[in-house]
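The values are calculated or read from the model by the stated rules, or taken from the named source; none is laboratory data. What you see is a predicted model, and the numbers here were worked out from it, not measured in a lab. As a convention, Cβ positions derive from the backbone with ideal geometry for all residues, glycine included, and neighbour counts pool all protein chains shown.
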Ligand code: PMP
């Protein structure tokens, strides 16, 4: 028979061999074979500007990170029950970026593991498994993290809201809804787990005193607060190292993932001495790969790159510039109902004049931009929010080029909201 194009044969092979629920980006999937800076390259060598990768934090295949992996992998990789200076240096450098009293570190391998551990630690303080989380939140793929992730349990294939999980509706500044948090404080101390900018919710900023109200209320009841910084952490929001700082709060536990290893599996839970002491009940927490010397070398390279290249400051500068370009576009195209976010954690929402969500033009824009060489992605409960969260090495020039093509696609018939 006829030889299948490479993409189709990889797709059918994958459908048989890999887990049946694994999805693939785009109607016509991409085979990506190489990355560099803010660019990804497909099998034909075509270049795409990556505007949605918040894992390749300091840039795809950053030479300093690559070199750190290679060098340490050639010397030693083993578990953290031996003494090694790198694990302590990384813990010191990470906690130096966090406010007091966040000072005790557990290294793990993924955001899911980090949140799973954070929930166990919180339970050791509260004595129960009651959790208050945000609607549309996602915190991981383990049983316990799915139980607090309404993005999973409340949607297709999910088994519904567990009795111990309470949800806060997403505050919607655009439509003036749910701006004040309200929850049931009876029944024992709560663990509050949330992102400080809502990613799956559609890059939603919280009202100014929102987290302060929740943190104060939960703590007044003897509860514990966890900030999930898996997407938003390590300088992405530009003005601060962590998104919780935008709200002037300090959590009891912070979880850090994706950007920490720039693609290498490295994640962490940082907590206060009080939480660490409550968790130390006699049962050891051991993690075979967590805090191994190769992962620590990677983490140190990421932190050094952030510092030396001034990437937090760059996120702030380029993010503000992108917002100004998107606001200009919005004056010509009222289909853009709101531009929001902080640093290089941005989104713009498409909606009609009466603020009804407009998912069709959002999907059209995403797919057209891919044809034009730009990787973008949609999110939010109505899939009508374009999210922009590129590597922090993203430049003003790349922002110009992105906006030039977005503007071009906005002229096309597919962007009519019908
Ligand atoms: N928390 C948030 C906010 C996330 O976005 C994700 C991953 N999308 C996770 C936790 C889970 O991280 P991982 O996939 O590394 O387990």
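For residues that are in contact with a helix residue (DSSP H, G or I) (Cβ under 9 Å, 6 or more places away or on another chain) and assigned to a loop (DSSP other than H, G, I, E, B), scanning just the range 188-206, find the one that is farthest from residue 303 (Cα to Cα).
Per the stated criteria, the residue is 188.
Within the group 244, 286, which residue is in the same structural domain as residue 227 (by TED's automatic domain parsing), more than 15 Å from the ligand (Cβ to nearest atom) and either assigned to a loop (DSSP other than H, G, I, E, B) or within 22 Å of residue 215 (Cα to Cα) (or both)?
Working: 244 fails: more than 15 Å from the ligand (Cβ to nearest atom).
After ruling out the rest, the residue left standing is 286.
Residues 331, 395, 305: which one is at negative phi and buried (at least 20 other Cβ atoms within 10 Å of the Cβ)?
305
Identify the residue in the range 69-91 that is in contact with a strand residue (DSSP E or B) (Cβ under 9 Å, 6 or more places away or on another chain) and under 10 Å from residue 297 (Cα atoms) and, among all such residues, is surrounded by the most Cβ atoms within 10 Å (Cβ to Cβ).
If we filter the range 69-91 for residues that are in contact with a strand residue (DSSP E or B) (Cβ under 9 Å, 6 or more places away or on another chain), which is where we start, we get 69, 80, 87, 90-91.
Remaining after also requiring under 10 Å from residue 297 (Cα atoms): 69, 87, 90.
Numbers: 69: 18, 87: 21, 90: 25.
The residue in question is 90.
Please work out if residue 249 is away from the ligand (no atom under 15 Å from the Cβ) and buried (at least 24 other Cβ atoms within 10 Å of the Cβ). Reasoning before the result, please.
On the way: away from the ligand (no atom under 15 Å from the Cβ): yes; buried (at least 24 other Cβ atoms within 10 Å of the Cβ): no.
In short, no.
Of the conditions (1) modelled with pLDDT under 95; (2) part of a helix (DSSP H, G or I), residue 360 fails just one. Which one is it?
Among (1) modelled with pLDDT under 95; (2) part of a helix (DSSP H, G or I), residue 360 violates only (1).
Where residues in the range 188-216 are in contact (Cβ under 8 Å) with a residue 60 or more places away in the chain and farther than 18 Å from residue 137 by Cβ, which of them is farthest from the ligand (Cβ to nearest atom)?
Out of the qualifying residues, it is 188.
Is there a residue in the range 261-270 that is free of Cβ contacts under 8 Å to residues at least 40 places away in the same chain and over 18 Å from residue 149 (Cβ atoms)?
no
For residue 371, which of the numbered conditions (1) surrounded by fewer than 19 Cβ atoms within 10 Å (Cβ to Cβ); (2) in contact (Cβ under 8 Å) with a residue 40 or more places away in the chain; (3) over 30 Å from residue 89 (Cα atoms) fails to hold?
Condition (2) is where residue 371 drops out.
Which is near the ligand (Cβ under 10 Å from one of its atoms), in a strand (DSSP E or B) and under 25 Å from residue 291 (Cβ atoms), of 255, 225?
Just a single option satisfies the conditions, and that option is 255.
Out of (1) modelled with pLDDT under 95; (2) touching a helix residue (DSSP H, G or I) at 6+ places or on another chain (Cβ under 6 Å), what's the single condition that is false for residue 121?
Just one mismatch for residue 121, condition (1).
Taking the conditions exactly as written (in contact (Cβ under 8 Å) with a residue 60 or more places away in the chain and touching a helix residue (DSSP H, G or I) at 6+ places or on another chain (Cβ under 9 Å)), does residue 360 satisfy them or not?
Spelling it out, it is not the case that residue 360 is in contact (Cβ under 8 Å) with a residue 60 or more places away in the chain and touching a helix residue (DSSP H, G or I) at 6+ places or on another chain (Cβ under 9 Å).
From 299, 291, 341, grab the single residue that is touching a helix residue (DSSP H, G or I) at 6+ places or on another chain (Cβ under 8 Å), buried (at least 21 other Cβ atoms within 10 Å of the Cβ) and in a loop (DSSP other than H, G, I, E, B).
Sole residue among the options that is touching a helix residue (DSSP H, G or I) at 6+ places or on another chain (Cβ under 8 Å), buried (at least 21 other Cβ atoms within 10 Å of the Cβ) and in a loop (DSSP other than H, G, I, E, B): 291.
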